[in-house]
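Heads up: the structure comes next, in structure tokens.
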Amino acid sequence: MDDKQFEKRMELLKKSYNRMEPQLDPEAVFAQIEAENATQKAQETVTTQKPPSRWQKPAIWIASIASVLLLSVLVSSYVINQPESINGKKDVSQKEKQEVGIQEWIENITKKYNSKKEQIRRELKVSIDELNAFEFIKEADYMLDFYTKRSSHVKEEDVQILKFNEESILNKLMTPRRALEAIDEYNNLTFDESLEIYRLYEKTALELEDFYSGLLKPYESLLKKSKDINAYPSDLKIIIEAANNQFMELKENEEGAFYFKATPIYGEFSPPNINKLHPDTFGYFEYLEKGQLLLADDLRYTREETAKSLKIMERTLLADVNADSPTYKVLRQNFENTWLVLMKGTASYPALTKNGEPHKDYMDFLQKVANGNYGEVMKKTASTILNELQQDNRSDTLTQLSAYDIWTIVLQTREETAGFINDSDFTIVSIDEPQIKSVYEQYKKSDNEAFINQLSPLNMVSLYLFAITIGDESLRKAILWPETNINTSSLDKVKSLDIFSQLGEYDGIYPMVAARVSGEYQDMYGRQFLIKLAKNKEGNYRITGIID
């Protein structure tokens with residue numbers, strides 16, 4: 001740009017500046033911005049994970065900054081092209097200052113990261129190559145690389161963003177011991193806080209279990225000869241001490257192979273602060289320690305040990321609302337399948353003798369389950385099976401019992417019905433009022449009880465709901481089991497089938513029908529009604545309970 005061009009731009013700048021509001025003081029504007037920045041940052045908490053937006057400012061900011069930008073746009077091309085200032089010294093631009101500040105932050109976080117990484121290497125007693133081979137270290141290295149490159153686009157004054165990035169990087173460097181040491185940072189841990197600590201612990205615990213167990217293979221003959229750690233060579237002692245330091249115990253499996261197992265809750269090396277965790281999360285730790293409770297179709301542990309573990313897991317299944325999480329699904333599957341095998345009997349613990357009669361020790365076990373010794377979920381089912389076996393030496397309930405029936409009982413116990421109708425094991429149908437009216441007309445023309453006896457649970461519930469809308473009390477009583485527990489009063493207010501959008505039927509050991517309420521009526525009636533059915537002595541279905 002030559003001098004004439006520059007003069008023209010300066011003249012334009014002058015005219016533009018003269019058109020600005022006379023009361024606009026750039027210094028005052030910047031002072032106001034800084035004051036509001038300080039106020040906003042003071043209100044933000046350290047734990048905020050989302051970096052604060054730099055664009056949510058009052059309208060005056062936009063006008064003020066636009067005015068200042070106008071000035072900088074007109075003169076920037078000239079100033080940038082000047083190699084030296086008036087006094088002959090090179091100017092340091094704001095961008096260059098910012099780049100220097102960000103570079104210093106990158107160097108600082110890299111030093112912190114490498115220092116913590118070295119501390120972990122010593123804690124785990126491994127070489128640098130072994131350390132870098134761990135997946136959790138690879139993830140941490142990637143996080144460091146990602147955020148340091150990304151931070152080159154962050155302005156130096158965005159302190160909260162840089163702080164968030166730094167915490168994200170350093171928190172990736174996590175060992176089992178460090179995860180559980182975080183317990184001391186909390187008071188009265190909630191379930192969610194305890195669950196987050198478990199997830200941090202589990203991720204590295206499983207990897208280190210495999211790593212340290214693999215190091216034992218050259219020493220198996222020595223381990224079989226002696227259990228005295230003082231008799232072991234120094235390198236084996238180092239391995240054992242490092243694993244113990246991560247709350248892992250040296251164990252021997254059925255085949256005589258040695259391995260390390262994480263036992264932070266009830267183990268020999270459990271940390272003293274472990275009881276500060278919310279006890280409803282202990283089911284996850286129990287599964288982490290015991291693993292699958294089944295070995296083929298038999299039990300890995302004794303029946304009593306297995307039932308005690310299931311009781312701990314049950315508490316977690318009833319407490320955790322995150323039923324769609326992978327961790328929950330694994331625990332649920334283990335719980336369902338193991339209880340099913342326990343109830344039906346195994347080679348080691350058969351339910352029936354060769355003559356088809358119930359084993360005495362099996363009946364004793366059923367009695368303990370029915371008494372609630374091993375939790376709440378299987379009490380009623382065990383009691384039903386026990387009564388049937390005592391009467392006829394056979395049990396239809398036991399024969400028909402499935403793993404999904406056990407999951408259904410879990411849901412009933414926790415009274416979590418929201419979204420239940422969407423389960424893939426339900427048959428979902430839309431409400432067809434004309435069809436329901438047709439069924440009702442057939443009922444009126446037929447032998448009432450005989451007609452009801454032939455209805456499926458889905459049609460029976462449909463007819464019952466219709467009876468409510470038209471006020472047919474005799475039909476309602478005919479469909480209900482005597483002394484049925486109806487744990488809702490809002491259903492009596494239903495005057496039309498229009499409030500329902502869908503019905504979902506599950507045909508299991510405890511048949512159920514979920515009646516979903518249309519969205520516009522949910523504030524008045526709730527999301528859905530869960531209607532339970534059972535067979536009477538004649539083998540015909542009747543409604544036994546309704547909850548909302």
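The values are calculated or read from the model by the stated rules, or taken from the named source; none is laboratory data. What you are looking at is a predicted structure, and each value in this text was computed from that prediction instead of being measured. Neighbour counts run over all protein chains shown; Cβ positions are idealised from the backbone, glycine included. Calculation scope for accessible area: heavy atoms of the full protein, side chains included, ligands and nucleic acids excluded. Shrake-Rupley method; radii C 1.70, N 1.55, O 1.52, S 1.80 Å.
Less than 5 angstrom separates the built amide H of Met378 from none of the residues sequence-distant by 5 or more or on a different chain. Per residue, the convex hull spanned by the Cα atoms of segment 238-332 amounts to 120 cubic angstrom.
Counting Lys +1, Arg +1, Asp -1, Glu -1, what net charge surrounds Phe258 among other residues with beta carbon under 13 Å of its beta carbon?
Values: positive: Lys217, Lys224, Lys225, Lys227, Lys251, Lys261; negative: Glu209, Glu220, Glu249, Glu252, Glu254, Glu255.
Local net charge: 0.
Is the C-alpha gyration tensor of segment 106-209 telling us rounded, prolate or oblate? Criteria: a/c under 1.5 is rounded; beyond that, a/b larger than b/c is prolate, otherwise oblate. Note, shape of segment 106-209 comes out oblate. If I compute solvent accessible area with a 1.4 Å probe over the protein chains, what percent of it on segment 107-149 is carbon and sulfur? Using a 1.4 Å probe with all protein chains present, segment 107-149 comes out at 49 percent carbon and sulfur.
When you count the other C-beta atoms within 10 angstrom of each residue and take the mean per peptide, 401-407, 535-541 line up highest first as 401-407, 535-541. Charge dipole of segment 192-291 (Cα centre as origin; +1 on each Lys and Arg Cβ, -1 on each Asp and Glu Cβ, all else neutral): 360 debye, rounded to the nearest 20.
Among the listed pairs Lys311/Lys537; Lys290/Lys354; Lys224/Lys311; Lys493/Lys535; Lys251/Lys360; Lys203/Lys276, those with a Cα-Cα distance over 30 Å are Lys311/Lys537; Lys290/Lys354; Lys224/Lys311; Lys251/Lys360.
Taking a ≥ b ≥ c as the square roots of the Cα gyration tensor eigenvalues, with a/c under 1.5 meaning rounded and otherwise prolate when a/b beats b/c, else oblate, which class fits segment 354-409?
The shape class here is oblate.
Each peptide among 524-534, 102-112 gets the average number of other Cβ atoms lying within 10 Å of its residues, and from highest to lowest they stand as 524-534, 102-112. Under 13 Å from a label point set 7 Å out along the Cα-to-Cβ vector of Lys203, no amide N atom of segment 300-321 is found.
Modelled spin labels at Ala450 and Val429, positioned 7 Å past Cα toward Cβ, are 2.3 nm from each other.
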